[in-house]
Amino acid sequence: MRKIIVATAAIAALAIAGEASAHARLLMGAPKAGSTVAAPKALTLRYSEELVPAASHVTVTGPAGAAIATGPLTVDAKTRRVATVPFVAPPAAGAYKVAWHMKTEDGHETDGTFAFTVK
Ligand SMILES: [Cu+2]
């Protein structure tokens with residue numbers, strides 16, 4: 001009986017280790033996906049894993065499919081999971097699409113998109 005418990009615990013530990021090296025998931029964005037907001041100064045994106053800023057990027061497409069100028073992506077020094085991308089100029093009213101590509105410390109790369117509206 002004891003051997004079975006030890007084996008079960010080992011399998012559970014392996015399962016948890018697998019979870020820990022999962023790809024980066026976007027946990028929270030500001031602006032939030034699908035939201036309508038006043039012109040933001042920056043995008044702030046919180047991920048499930050530590051990011052490698054040099055190999056990560058975000059592109060923003062604005063009204064009529066125009067590419068929107070953004071400053072360099074930075075990652076906060078404390079958690080290394082929050083990426084900030086400033087807008088070069090305040091975004092005009094309209095629909096925006098954010099496409100992100102993040103590399104995490106475990107070497108994995110993930111992509112995602114979301115949209116928001118500036119009122
Ligand atoms: Cu991963």
Qualifying residue in region 109-119 (condition: in a loop (DSSP other than H, G, I, E, B) and surrounded by 14 or more Cβ atoms within 10 Å (Cβ to Cβ)): no
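Got a sec? Which of THR84, THR104 is surrounded by 18 or more Cβ atoms within 10 Å (Cβ to Cβ) and farther than 18 Å from ALA30 by Cα?
THR104
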Tally, over region 87-101, of residues that are over 16 Å from ALA30 (Cα atoms) and outside any strand (DSSP E or B): 4
Complete set of residues in region 56-81 that are under 17 Å from the mean Cα position of the chain (by Cα) and exposed (fewer than 13 other Cβ atoms within 10 Å of the Cβ): GLY71, PRO72, ALA77, LYS78, THR79
Qualifying residues in region 74-119 (those that are out of contact with any Lys or Arg (no Cβ under 7 Å at 6 or more places or on another chain), touching a residue at least 12 places away in the same chain (Cβ under 8 Å) and among the charged types (D, E, K, R)) - the one farthest from LEU51 (Cα to Cα): LYS119
Evaluation of VAL60 against (1) part of a strand (DSSP E or B); (2) modelled with pLDDT under 95 (one fails), failing number: (2)
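The values are calculated or read from the model by the stated rules, or taken from the named source; none is laboratory data. All of these numbers come straight from a predicted model, not from anything done at the bench. Here the Cβ is made from the backbone with ideal geometry for all residues, glycine too, and neighbour counts use every protein chain on show.
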